[in-house]
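What follows is a single structure, written as structure tokens, with notes after it.
The values are calculated or read from the model by the stated rules, or taken from the named source; none is laboratory data. Because the structure is a prediction, the values reported are computed rather than measured. Using ideal geometry, Cβ is built from the backbone for each residue, glycine included, and neighbour counts are taken over all protein chains shown.
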Amino acid sequence: MRIVVQRVKHASVTNDAIAHEINKGYCLLVGVGKTSTEADVAALAKKIVNARLFEDDAGKLNLNIQQIEGQILSISQFTLYADVRKGNRPGFTQSMPPDTANELYELFNETLRSYGVSVQTGEFGTDMLVDIANDGPVTIIYESQDGKIV
């Protein structure tokens, strides 16, 4: 499982069916690979909730999302597993099939919520307009395999 974490001042996602918005927090682009597991979900949710990516009074990255009472906008992003080694058109054979990927994506969001963080989501498997005001910018990629952060 691969997640791009962007610290944001605000972010939103819209399409014909949804319109969700957050203020200060994280916009997560969540990729579920074909070998991703529930153990990866647990490891990544814990790591992201505890990540100290917000500045304290001294300007050091010492505060986590709970400490600043931030919010999360979680967007499913199968293209994070694009294979671009051959040709000019990416392949997506490393992405998990949609039905199973959606189950893990939903479990990931529920796991984040279990930490007491407000989580908004996009709509799985659809085209969406994502507006991100990256703060910093702070952008970090987290990945887990076999329940371990790599």
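Key figures
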quantity: Residue check, residue 21 closer than 20 Å to residue 144 by Cβ, among the acidic types (Asp, Glu) and outside any loop (DSSP other than H, G, I, E, B); calculated: no
quantity: Within the range 8-20, considering residues that are out of contact with any His (no Cβ under 7 Å at 6 or more places or on another chain) and within 20 Å of residue 79 (Cα to Cα), the one surrounded by the most Cβ atoms within 10 Å (Cβ to Cβ); calculated: 11
quantity: Extreme residue, surrounded by the fewest Cβ atoms within 10 Å (Cβ to Cβ), among residues of the range 21-39 that are under 19 Å from residue 117 (Cα atoms) and either among the charged types (D, E, K, R) or touching a helix residue (DSSP H, G or I) at 6+ places or on another chain (Cβ under 9 Å) (or both); calculated: 21
quantity: Strands (runs of 3 or more DSSP E) fully within the range 27-141 counting 3 or more residues that are of a type in the set (Ser, Thr, Tyr) and free of Cβ contacts under 8 Å to residues at least 12 places away in the same chain; calculated: none
quantity: Candidates 114, 144 - the one that is over 12 Å from residue 27 (Cα atoms), among the hydroxyl-bearing types (Ser, Thr, Tyr) and more than 15 Å from the chain's Cα centre (by Cα); calculated: 114
quantity: Residue within the range 98-115 that is more than 19 Å from residue 78 (Cβ to Cβ), β-branched (Val, Ile, Thr) and surrounded by 15 or more Cβ atoms within 10 Å (Cβ to Cβ) present; calculated: yes
quantity: Residue satisfying condition, being within 20 Å of residue 99 (Cα to Cα), hydrophobic (A, V, I, L, M, F, W, C) and at pLDDT 95 or above, within set 41, 4, 8; calculated: 41
quantity: Filter pass, residue 112 being modelled with pLDDT of 95 or more and either closer than 16 Å to residue 144 by Cα or touching a Leu at 6+ places or on another chain (Cβ under 6 Å) (or both); calculated: yes
quantity: Flag if residue 131 is surrounded by 15 or more Cβ atoms within 10 Å (Cβ to Cβ), charged (D, E, K, R), closer than 18 Å to residue 5 by Cα and in contact with a strand residue (DSSP E or B) (Cβ under 8 Å, 6 or more places away or on another chain); calculated: no
